[in-house]
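Since the structure comes first, as structure tokens, the remarks are kept for the end.
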Amino acid sequence: MFMMSINGKYNRLSDVVVDKIKVLVCNGTLSPGDQLPSELKLIEMFDVSRTTIREAINRLVEQNIVEIIRGKGTYVAITPGVQKDPFGFEFIDPDLLFSSLIDARVGLESGVAKMAAENALESDIIKISQNNVDLRSEIQDHHVRIGSEIDFHLAIATATHNDVIIRVVPIILNSIFVIYRERVPTESDHWSALEEHEEILNAIKKRDSDRAYTAMYTHLVNSKMRILNRNITENQE
């Protein structure tokens with residue numbers, strides 16, 4: 001079934017439902033990670049058929065606005081609208097991509113840390129601090145998740161309260177940590193990274209934006225050198 005939209009074009013009813021759900025996400029009625037109402041509830045809310053709702057949900061999944069978790073339901077994506085590989089990184093030679101991504105991180109995330117020091121709320125600082133606590137515990141337990149490093153940097157991006165930064169940083173991180181899985185850090189690497197994390201955190205706590213910039217820059221350059229040194233060691237072996 002079709003109906004007239006506000007711009008004078010005919011839309012499928014599923015398009016109308018998609019737009020209405022997008023509005024709920026944009027205005028904060030539905031937040032990232034929230035579960036959508038059940039299919040029956042959505043049918044009642046929008047007064048449409050089951051088929052229309054399913055078409056709308058499929059469209060939203062394609063746009064990465066929602067995700068379906070089997071056996072649980074449909075949830076708003078953590079970064080709504082951000083596609084898995086919007087920059088086409090998977091079509092770049094892996095060796096060239098790694099170097100380019102590392103250098104991009106140094107340039108981008110140093111500024112992100114500076115913005116976080118200027119804009120972070122107390123709740124943001126608590127979250128960043130908790131990530132460091134979790135990482136320390138994992139190092140001591142000799143079981144460090146790659147996600148621990150991602151979580152720390154995502155928390156800093158979130159602390160900028162800049163919607164563009166919050167959407168761009170995850171794309172870079174998700175791409176680079178796929179490559180990191182092939183270059184497993186040593187325990188010494190983890191301890192060094194944690195010490196650098198603490199310096200970044202302390203700078204953000206003190207609202208020292210220049211120090212935060214320098215601390216993040218140093219951390220990422222050191223991280224790059226640790227990875228390159230591991231590659232040299234592995235090649236020698």
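Of the candidates I200, I126, I165, I150, the single residue that is within 21 Å of the chain's Cα centre (by Cα), in a helix (DSSP H, G or I) and touching a residue at least 60 places away in the same chain (Cβ under 8 Å) is I200.
Among the criteria (1) loosely packed, with under 11 Cβ neighbours inside 10 Å; (2) of a type outside the set (V, I, T); (3) touching a His at 6+ places or on another chain (Cβ under 8 Å), the one L96 does not fulfil is (3).
Applying a threshold of 6 Å to beta carbon distances and a minimum spacing of six or more residues, or different chains, the list of pairs starting in segment 59-85 at a residue that is assigned by TED's automatic domain parsing to the domain that holds D34 and ending at one that is among the hydroxyl-bearing types (S, T, Y) reads V66/T74; E67/Y75; I68/T74.
Results for (1) in contact with a strand residue (DSSP E or B) (Cβ under 6 Å, 6 or more places away or on another chain); (2) modelled with pLDDT of 95 or more; (3) assigned by TED's automatic domain parsing to the domain that holds D95; (4) not in a helix (DSSP H, G or I), shown as yes or no for each residue.
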{"position": "V144", "(1), (2), (3), (4)": "no, no, yes, yes"}
{"position": "V178", "(1), (2), (3), (4)": "no, no, yes, no"}
{"position": "E196", "(1), (2), (3), (4)": "no, yes, yes, no"}
{"position": "R211", "(1), (2), (3), (4)": "no, yes, yes, no"}
{"position": "Y217", "(1), (2), (3), (4)": "no, yes, yes, no"}
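The residues in segment 10-37 that are part of a loop (DSSP other than H, G, I, E, B) and either over 19 Å from R50 (Cβ atoms) or basic (K, R) (or both) can be counted, and the count is 8. Could you check, for segment 165-174, whether at least one of its residues is assigned by TED's automatic domain parsing to the domain that holds A116, surrounded by 19 or more Cβ atoms within 10 Å (Cβ to Cβ) and at pLDDT 90 or above? Checking segment 165-174: at least one residue is assigned by TED's automatic domain parsing to the domain that holds A116, surrounded by 19 or more Cβ atoms within 10 Å (Cβ to Cβ) and at pLDDT 90 or above. Being outside any loop (DSSP other than H, G, I, E, B), over 22 Å from F152 (Cβ atoms), of a type outside the set (G, A, S) and in the same structural domain as I227 (by TED's automatic domain parsing) is true of L96. Those residues that are surrounded by 14 or more Cβ atoms within 10 Å (Cβ to Cβ), β-branched (V, I, T) and part of a loop (DSSP other than H, G, I, E, B), I need them from segment 68-86; list them, please. If the condition is that a residue be surrounded by 14 or more Cβ atoms within 10 Å (Cβ to Cβ), β-branched (V, I, T) and part of a loop (DSSP other than H, G, I, E, B), then T79, V82 are the ones that fit.
The set of residues in segment 35-67 being over 21 Å from I166 (Cβ atoms), surrounded by 14 or more Cβ atoms within 10 Å (Cβ to Cβ) and in contact with a Phe, Trp or Tyr (Cβ under 9 Å, 6 or more places away or on another chain) consists of L36, T52, I53, A56.
The values are calculated or read from the model by the stated rules, or taken from the named source; none is laboratory data. The model shown is predicted, which means the values in this text are computed figures rather than measured ones. With ideal geometry, Cβ positions are generated from the backbone for all residues, glycine too; neighbour counts draw on all protein chains shown.
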